[in-house]
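The values are calculated or read from the model by the stated rules, or taken from the named source; none is laboratory data. Note that the structure is a prediction, hence the values are computed from the model and not measured. Cβ coordinates were reconstructed from backbone atoms using ideal geometry, including for glycine residues, and neighbour counts include every protein chain displayed. Heavy atoms of the whole protein, side chains included, go into the accessibility calculation; ligands, DNA and RNA do not. Shrake-Rupley method; radii C 1.70, N 1.55, O 1.52, S 1.80 Å.
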Amino acid sequence: EAKSRGRNNVRYFSLAIRDALAQRTSLARDLRSAVDNNELRDYYQPIICLRTGRIVKGETLMRWQHPTRGLISPTLFIPVAEETGEIIRMGDWIFRQAAQNALKWQSLAGDEFAISVNKSPMQFIDPSTMSDDWIQLLHTLGVDGRRIVVEITEGLLLDPDPIVEQRLLHFRDRGIQVAIDDFGTGYSSLSYLSKFDIDYLKIDQSFTRNLNEGNESYVLCEAIIVMAHKLGLKVIAEGVETALQRNLLRDIHCDYAQGFFYSPPVPADVFEDLLKADSQQNMTRA
Ligand code: C2E
Ligand code: MG
Ligand code: MG
Ligand code: MG
């Protein structure tokens with residue numbers, strides 16, 4: 001009896017794998033026409049200064065409006081796009097949207113306003129993509145490099161390929177800022193923090209989620225913030241969902257916060273309204 005149950009489990013398991021593979025294959029196929037069919041959407045999530053409570057930056061997050069499946073999360077389609085290489089074209093598309101909006105919105109926000117864009121390792125290392133293209137695009141659109149933050153993950157900085165450092169330096173020359181996304185989840189080596197010129201650490205949501213006065217996550221966040229400040233970096237906490245988390249992060253001098261407590265990622269027109277309301281509020285406060 002146990003044996004036949006085992007056989008059944010194997011059968012269910014292989015069916016599940018087959019479904020997952022079929023799903024991936026069809027996503028990969030549909031993704032190829034997503035850019036041309038205008039199915040990608042650029043959403044924006046506000047980043048708040050914890051000292052002033054104002055919206056000072058935003059992060060661009062990609063969505064896919066699939067013709068039959070509806071709005072698809074990037075956690076589902078980005079890995080597929082990375083596997084097929086489609087991420088290059090998709091990444092160029094969203095970079096252009098982000099740059100255009102950064103230009104449009106800069107007068108609505110403060111001096112340090114910037115829009116951040118996520119970049120997969122492949123977008124850095126693939127020889128067919130040139131950081132020159134992004135810099136050229138900013139130039140053509142008339143966007144100051146300081147209005148753009150590139151978000152990368154720790155893994156990229158452990159890649160020995162010299163192109164990584166070259167491209168980061170190239171960005172740096174144009175005033176483009178660099179943030180380490182999901183900080184604290186990937187690697188134990190911190191040596192890259194002194195090797196590369198980084199502007200921001202983004203504390204991963206797994207730390208923020210468990211934050212409580214004096215607990216382990218609190219101690220880790222505090223340590224990250226102290227270290228970052230001593231190295232001249234600013235810290236953004238991701239996934240802030242409650243007033244308690246906001247308060248604790250403010251207590252330990254975290255610079256910025258981002259999360260559902262303030263706003264989920266929203267379409268560009270809604271983000272623009274948030275920016276306008278925020279500057280209006282500030283004017284009446286002053
Ligand atoms: P990420 O860059 O770490 O983005 C933060 C994720 O946390 C976003 O998920 C955001 O919607 C979500 N989030 C924000 N606030 C909260 C909160 O308070 N609670 C919780 N539970 N979640 C919150 P999203 O939009 O699903 O994106 C997932 C990941 O997909 C991103 O993680 C990023 O790695 C990747 N991604 C998104 N857009 C792009 C893109 O244009 N290019 C590339 N290469 N990757 C992207
Ligand atoms: Mg990010
Ligand atoms: Mg993150
Ligand atoms: Mg990430």
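Key figures for this structure:
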quantity: Segment Ser189-Glu165, extension gain: residue separation times 0.36 nm, minus the distance between their alpha carbons; calculated: 6.9 nm
quantity: Longest to shortest principal axis, alpha-carbon extents of region 119-217, angstrom; calculated: 49, 30, 21
quantity: Whole-Hz couplings from phi, Karplus 6.51/-1.76/1.60, listed for region 101-117; x for Gly and Pro; calculated: 6, 4, 5, 5, 9, 4, 6, 7, 10, x, 4, 8, 4, 7, 10, 9, 10
quantity: Check: region 36-94 dipole with +1 on Lys, Arg Cβ and -1 on Asp, Glu Cβ, in debye; calculated: 480
quantity: Phi-based couplings in Hz for region 20-33 (Karplus 6.51, -1.76, 1.60; Gly and Pro marked x); calculated: 4, 5, 4, 4, 5, 5, 6, 5, 4, 5, 5, 5, 4, 9
quantity: Residue among Leu71, Gly110, Leu274 farthest towards the positive dipole end of the chain, charges placed on Cβ; calculated: Leu71
quantity: Computed Rg/Rh of region 85-129, alpha carbon atoms with Kirkwood Rh; calculated: 1.09
quantity: Potential lengthening between Phe260 and Thr68 on full extension [0.36 nm per residue; Cα-Cα distance subtracted]; calculated: 66.4 nm
quantity: Compactness of the chain as Cα Rg over 2.2 N^0.38 Å, two decimals; calculated: 1.09
quantity: 222 nm mean residue ellipticity, helices alone, for the chain (DSSP H n ≥ 4; -39,500 (n - 2.57); rounded to 500); calculated: -15500 deg cm²/dmol
quantity: Rg [Å, one decimal], Dmax [Å, integer] - region 198-286, C-alpha atoms; calculated: 14.5, 40
quantity: Region 122-275, accessible area per residue, ligands and nucleic acids excluded (1.4 Å, Å²); calculated: 47
quantity: Exposure of Thr75 as accessible area (Å², to 10), given a probe of 1.4 Å and all protein chains; calculated: 110
quantity: Rounded percent of accessible protein surface that carbon and sulfur make up, region 162-220, 1.4 Å probe; calculated: 45
quantity: Highest-fluctuation residue, Lys234, Lys276, Lys57 considered, GNM on the chain with Cα pairs under 10 Å; calculated: Lys276
quantity: Glu39 paired with Arg18, simple spin-label distance in nm, labels 7 Å along Cα-to-beta-carbon; calculated: 2.5
quantity: Sum of side-chain charges, Asp181 neighbourhood, beta-carbon under 12 Å (Lys, Arg +1; Asp, Glu -1); calculated: -4
quantity: For the chain, built as a Gaussian network whose Cα springs stay under 10 Å, the top-fluctuating residue of Asn247, Asn215, Asn118; calculated: Asn215
quantity: Full-stretch length increase - Leu137, Met227 - with 0.36 nm per residue and alpha-carbon distance subtracted; calculated: 28.9 nm
quantity: For region 24-132, alpha-carbon Rg over 2.2 N^0.38 Å; calculated: 1.17
quantity: Members of Lys119/Lys276; Lys104/Lys195; Lys57/Lys119; Lys119/Lys202 lying beyond 26 Å, as alpha-carbon distances in this model show; calculated: Lys119/Lys276; Lys104/Lys195
